[in-house]
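Chemist: One structure follows; several queries about it will come next.
The values are calculated or read from the model by the stated rules, or taken from the named source; none is laboratory data. This one's a predicted model, so the numbers in the text were calculated from it and none came from an experiment. Note that we place each Cβ from the backbone using ideal geometry, even for glycine, and neighbour counts take in every protein chain shown.
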Amino acid sequence: MKDNFKILDKISHRFQPQGYTFVVLLAESHAAIHTFPEHNSLFFYLYSCRKPDDGKKTVEYLKQILKPCNIDMNERPIVVKNTRP
């Protein structure tokens, strides 16, 4: 990944007759890629608890190597509030 995440572990699964899932456990959270060849689609999820711009370099890298025709992208900031007194 291009954002200097610390990779703790990886797992993948190839579905029959088609499809692939790849999940990466990060020290900062996790990332996943799910393919749906029957729909010519790929879904990429990245969750990080470091800072708001985390993942932008990784997304740009994936765009460069995959060259998608269409991109539907959602960004959703997650705020964790400290509830300790």
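Chemist: Tell me, please, whether a residue that is touching a residue at least 40 places away in the same chain (Cβ under 8 Å) and not in a loop (DSSP other than H, G, I, E, B) can be found in segment 66-77.
Modeler: Within segment 66-77, not a single residue is touching a residue at least 40 places away in the same chain (Cβ under 8 Å) and not in a loop (DSSP other than H, G, I, E, B).
Chemist: Shifting gears a bit: Is segment 28-38 home to any residue that is without any contact (Cβ under 8 Å) to a residue 12 or more places away in the chain, surrounded by fewer than 10 Cβ atoms within 10 Å (Cβ to Cβ) and out of contact with any strand residue (DSSP E or B) (no Cβ under 7 Å at 6 or more places or on another chain)?
Modeler: no
Chemist: Something else about it: Any chance you could count how many residues in segment 1-27 are of a type in the set (D, E, K, R) and either more than 17 Å from Y61 (Cβ to Cβ) or out of contact with any Ser or Thr (no Cβ under 6 Å at 6 or more places or on another chain) (or both)?
Modeler: Selection size over segment 1-27: 4.
Chemist: Look through segment 54-85, keep the residues that are of a type in the set (D, E) and over 13 Å from F5 (Cβ atoms), and return whichever of them is farthest from the chain's Cα centre (by Cα).
Modeler: Among them, the one singled out is D72.
Chemist: Within segment 45-52, can one find any residue that is hydrophobic (A, V, I, L, M, F, W, C) and modelled with pLDDT of 85 or more?
Modeler: yes
Chemist: Filter segment 57-73 down to the residues that are farther than 18 Å from H39 by Cβ and loosely packed, with under 10 Cβ neighbours inside 10 Å and list them by number.
Modeler: Q64, I65
Chemist: For segment 35-65, enumerate the residues that are among the charged types (D, E, K, R) and in a helix (DSSP H, G or I).
Modeler: E38, K56, K57, E60, K63
Chemist: So is Y45 farther than 22 Å from N4 by Cα and in contact with a strand residue (DSSP E or B) (Cβ under 8 Å, 6 or more places away or on another chain) or not?
Modeler: Criteria not met by Y45.
Chemist: Quick check on S48: is it closer than 20 Å to I71 by Cβ, surrounded by 12 or more Cβ atoms within 10 Å (Cβ to Cβ) and free of Cβ contacts under 8 Å to residues at least 12 places away in the same chain?
Modeler: no
Chemist: Could you grab me the full set of residues in segment 1-24 that are without any contact (Cβ under 8 Å) to a residue 40 or more places away in the chain, touching a Lys or Arg at 6+ places or on another chain (Cβ under 9 Å) and loosely packed, with under 14 Cβ neighbours inside 10 Å?
Modeler: Correct list: N4 only.
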